[in-house]
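Below: the structure, in structure tokens.
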Amino acid sequence: MIDLGSDPGIGIANVLGATAGAGISLIYLLPKTRREAASRFLTGVSFGLIFGGPMGLWLTTRLGIGGKLSGPEIMLAGSAAASLCAWWVLDVLARVAERYGKRGDPPQH
């Protein structure tokens, strides 16, 4: 098991990965407004910073490459993946809510 808390490069990798994942998510699904872009970017960075470590460990376990990567590499990949996935999941949920929320609107008085 890799210790993701003792190397100073881990924190830098976490921030860089989270920022990269958030930036990539903006490129894949272009936002409609500046407010949406800011919201998506901050959400992606937050998710990447929070879930980067667990996501990196999960990815290395699933791919079977745990002993081949350093701690910063695991954190970088995990933060970027968590950041990117966070927005995709939230975007899908928002689109589903928007689509099906219109059908069940109560009548206006």
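The values are calculated or read from the model by the stated rules, or taken from the named source; none is laboratory data. Remember, it's a predicted structure, so these values are computed and weren't measured experimentally. So basically every Cβ, Gly included, is an ideal-geometry build from the backbone, and we count neighbours across all protein chains shown.
Quick check on segment 101-109. Is at least one of its residues of a type outside the set (Ser, Thr, Tyr), over 16 Å from residue 11 (Cα atoms), part of a helix (DSSP H, G or I) and modelled with pLDDT under 85? Walk me through it before giving the result.
Within segment 101-109, the subset of a type outside the set (Ser, Thr, Tyr) is 101-109.
If we keep only those that are over 16 Å from residue 11 (Cα atoms) as well, we get 101-109.
Pick out the ones that are also part of a helix (DSSP H, G or I) and you get 101.
If we keep only those that are modelled with pLDDT under 85 too, we end up with 101.
Yes, segment 101-109 has at least one match.
Working only within segment 30-87, note down all residues that are among the basic types (Lys, Arg) and in a helix (DSSP H, G or I).
Within segment 30-87, 34, 35, 40, 62, 68 meet the criteria.
Can you run down the residue pairs with Cβ atoms below 9 Å, 6 or more apart or on separate chains, where the first is in segment 87-100 and of a type in the set (Asp, Glu) and the partner is part of a helix (DSSP H, G or I)?
Hits for this filter: 91/25; 91/40.
Mind listing just one residue for me: the one in segment 38-74 that is surrounded by 14 or more Cβ atoms within 10 Å (Cβ to Cβ) and among the aliphatic types (A, V, I, L, M) and, of those, nearest to residue 84 (Cα to Cα)?
Residues of segment 38-74 surrounded by 14 or more Cβ atoms within 10 Å (Cβ to Cβ): 39-41, 43-53, 55-60, 66, 69, 71-74.
If we keep only those that are among the aliphatic types (A, V, I, L, M) as well, we get 45, 49-50, 55, 57, 59, 69, 74.
On the way: 45: 9, 49: 12, 50: 13, 55: 11, 57: 16, 59: 14, 69: 21, 74: 15 Å.
My answer is 45.
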